[in-house]
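Visitor: One structure, as structure tokens, below. Some questions next.
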Amino acid sequence: MKNTIKLITAAAFFGMLMSACGTGEGTQSTTEAQPSADENVIEDQLGREVTINENPENIVVGGILPYFSTWYVATDSTEEIAGMHPNSYNAAENSMLAEISPEVLDASTDFVKNGEINIEELMKINPHVYFEKESDEKTLEKVAEAGIPSVGLQTNKVADSDPLATFNSWLELTADIKGGKVDERVDSFMEEGSNVQNMIDDTLKDVKDEDKPRVLFLHKHSDKSIVVGGANFFSEKWTEATGGIDIVGDDGVEGMKEVNMEQVYEWDPDIIYITNFTETQPDDLLEDKVPGQDWSEVKAVQEGNVHKVPLGIYRWFPPNGDAPLMLKWLAQHNHPDKFDYDIKEEIKTYYKNFYDFELSDEEVDSILHPSSEAAKY
């Protein structure tokens with residue numbers, strides 16, 4: 001990959017490390033075990049140069065929750081995942097990744113204490129690299145100061161929160177870390193996503209706006225709070241990429257916003273998608289089970305168009321390895337008259353081709369209808 005710079009000698013690495021420490025843009029290595037293999041200098045998504053062992057044996061994933069699954073997609077391995085955020089671990093426990101590569105469940109969550117990174121516990125894992133969302137610069141700096149290479153990853157700045165583009169950028173960065181050893185695998189995933197999007201675009205090219213469904217993503221939800229997704233957020237990009245109208249973003253809402261039922265009534269969506277960041281299930285709305293909230297007045301509920309977003313290799317809402325399947329699943333719900341493929345067969349074929357895993361009918365059903373447990377943490 002273009003960002004990868006081979007370091008020829010240990011002396012060169014040491015000189016770079018000392019220079020970085022002097023400028024405050026530090027690239028640091030663990031003090032307990034110096035990497036013996038070649039090293040790379042990669043540029044993370046904060047624009048920082050970070051020196052990393054080309055074959056890191058221990059990686060830790062903090063608040064950038066989906067990245068542990070990206071590591072698997074790029075490398076075909078979870079053995080290196082030594083630690084992950086408890087929220088990530090809960091998703092992993094309820095994902096197909098736990099079946100495909102069960103070593104992922106060996107990861108520790110002890111380094112997260114009361115929602116914060118505990119450096120002492122993190123050091124016990126002896127990570128060769130730590131991954132964090134780029135917005136959490138405080139944690140990235142704290143980890144780097146402890147001598148652990150820290151890599152910042154963007155979530156909402158890649159093509160204005162395009163989940164597929166974001167996932168592709170993470171794949172490319174992972175390939176940089178691996179010194180180009182996984183380029184072919186990474187390229188195959190990226191090509192599939194592009195092919196699926198092109199297929200959807202071609203199929204929907206003549207659809208007029210008045211024939212597109214008005215979509216609302218229910219991101220987090222309880223009897224006390226309704227949080228929806230709006231513009232410059234994954235919900236907007238998924239909706240627009242699959243022939244829907246983001247009624248929340250179009251109304252001027254940016255990112256995530258807490259709203260009340262009166263606002264939902266005003267929007268009156270044709271379709272509601274419920275993410276895996278809430279325990280709420282479609283039946284909770286369809287059967288009017290939520291105390292203090294009357295969803296029966298909403299068009300999507302009246303017509304039975306309320307759907308839980310699937311969870312396969314990871315939650316399908318944020319950037320993830322099943323992104324091409326998310327596109328197909330959404331496109332079919334948004335335009336069932338134009339996409340007549342069997343989504344269950346599409347999922348089976350994808351998992352066989354890209355994960356070399358044969359899914360049973362029961363496993364496909366578990367992907368399409370994830371339990372509420374996956375949202376708990």
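Visitor: Got at least one residue in region 365-376 being at pLDDT 95 or above, surrounded by fewer than 20 Cβ atoms within 10 Å (Cβ to Cβ), in contact with a Leu (Cβ under 8 Å, 6 or more places away or on another chain) and not acidic (D, E)?
Guide: no
Visitor: Checking L216 against (1) farther than 16 Å from G62 by Cβ; (2) outside any strand (DSSP E or B), which single condition isn't satisfied?
Guide: The single condition L216 does not satisfy is (2).
Visitor: Same structure, new question: Going by the structure shown, is Q263 polar (S, T, N, Q), farther than 22 Å from P370 by Cα and assigned by TED's automatic domain parsing to the domain that holds S360?
Guide: Taking the combined requirement at face value, the residue satisfies it.
Visitor: Moving to a separate point now. Listed residues A175, A165; which is among the small types (G, A, S), free of Cβ contacts under 8 Å to residues at least 60 places away in the same chain and assigned to a helix (DSSP H, G or I)? Even if it seems obvious, please write down each step before you answer.
Guide: Values: A175 fails: free of Cβ contacts under 8 Å to residues at least 60 places away in the same chain.
One residue alone meets the criteria, A165.
Visitor: Sticking with this one: Could you pull out the residue among K138, K142 that is within 30 Å of G230 (Cβ to Cβ) and part of a helix (DSSP H, G or I)?
Guide: Only one candidate passes the filter, namely K138.
Visitor: Related question: Which one of these does D223 not meet: (1) within 19 Å of R315 (Cα to Cα); (2) surrounded by fewer than 17 Cβ atoms within 10 Å (Cβ to Cβ)?
Guide: If we test D223 against (1) within 19 Å of R315 (Cα to Cα); (2) surrounded by fewer than 17 Cβ atoms within 10 Å (Cβ to Cβ), just (1) comes out false.
Visitor: Next question, about the same structure. If the requirement is being modelled with pLDDT of 95 or more, of a type in the set (K, R) and on the phi < 0 side of the Ramachandran plot, which of these qualifies: K157, K178, K220?
Guide: K220
Visitor: Just name the residue that is farthest from T203 (Cα to Cα) out of those in region 220-256 that are part of a helix (DSSP H, G or I) and out of contact with any strand residue (DSSP E or B) (no Cβ under 6 Å at 6 or more places or on another chain).
Guide: This residue is D250.
Visitor: Out of region 245-266, which residues are among the small types (G, A, S), under 23 Å from the mean Cα position of the chain (by Cα) and either modelled with pLDDT under 95 or surrounded by fewer than 19 Cβ atoms within 10 Å (Cβ to Cβ) (or both)?
Guide: Selection gives G255 alone.
Visitor: Would region 120-127 turn up any residue that is crowded, with 24+ Cβ neighbours inside 10 Å, outside any helix (DSSP H, G or I) and more than 19 Å from the chain's Cα centre (by Cα)?
Guide: There is at least one residue in region 120-127 that is crowded, with 24+ Cβ neighbours inside 10 Å, outside any helix (DSSP H, G or I) and more than 19 Å from the chain's Cα centre (by Cα).
Visitor: Can you confirm whether T242 is hydroxyl-bearing (S, T, Y) and more than 26 Å from the chain's Cα centre (by Cα)? Full working, then the answer.
Guide: Working: hydroxyl-bearing (S, T, Y): yes; more than 26 Å from the chain's Cα centre (by Cα): no.
No: the conditions fail for T242.
Visitor: Something else: Please verify whether region 334-349 includes one or more residues that are closer than 21 Å to L216 by Cβ, over 18 Å from the mean Cα position of the chain (by Cα), in the same structural domain as D223 (by TED's automatic domain parsing) and assigned to a helix (DSSP H, G or I).
Guide: Yes, that holds for at least one residue.
Visitor: Separate question: P269 versus (1) surrounded by 20 or more Cβ atoms within 10 Å (Cβ to Cβ); (2) within 25 Å of the chain's Cα centre (by Cα): which is the lone unmet condition?
Guide: P269 satisfies all of (1) surrounded by 20 or more Cβ atoms within 10 Å (Cβ to Cβ); (2) within 25 Å of the chain's Cα centre (by Cα) except (2).
Visitor: Could you go through region 66-77 and let me know if any residue there is in contact with a helix residue (DSSP H, G or I) (Cβ under 9 Å, 6 or more places away or on another chain), at positive phi and either charged (D, E, K, R) or crowded, with 20+ Cβ neighbours inside 10 Å (or both).
Guide: Yes, the conditions are met somewhere in region 66-77.
The values are calculated or read from the model by the stated rules, or taken from the named source; none is laboratory data. Computed from a prediction, not measured in an experiment: that's the story for all the values here. Here the Cβ is made from the backbone with ideal geometry for all residues, glycine too, and neighbour counts use every protein chain on show.
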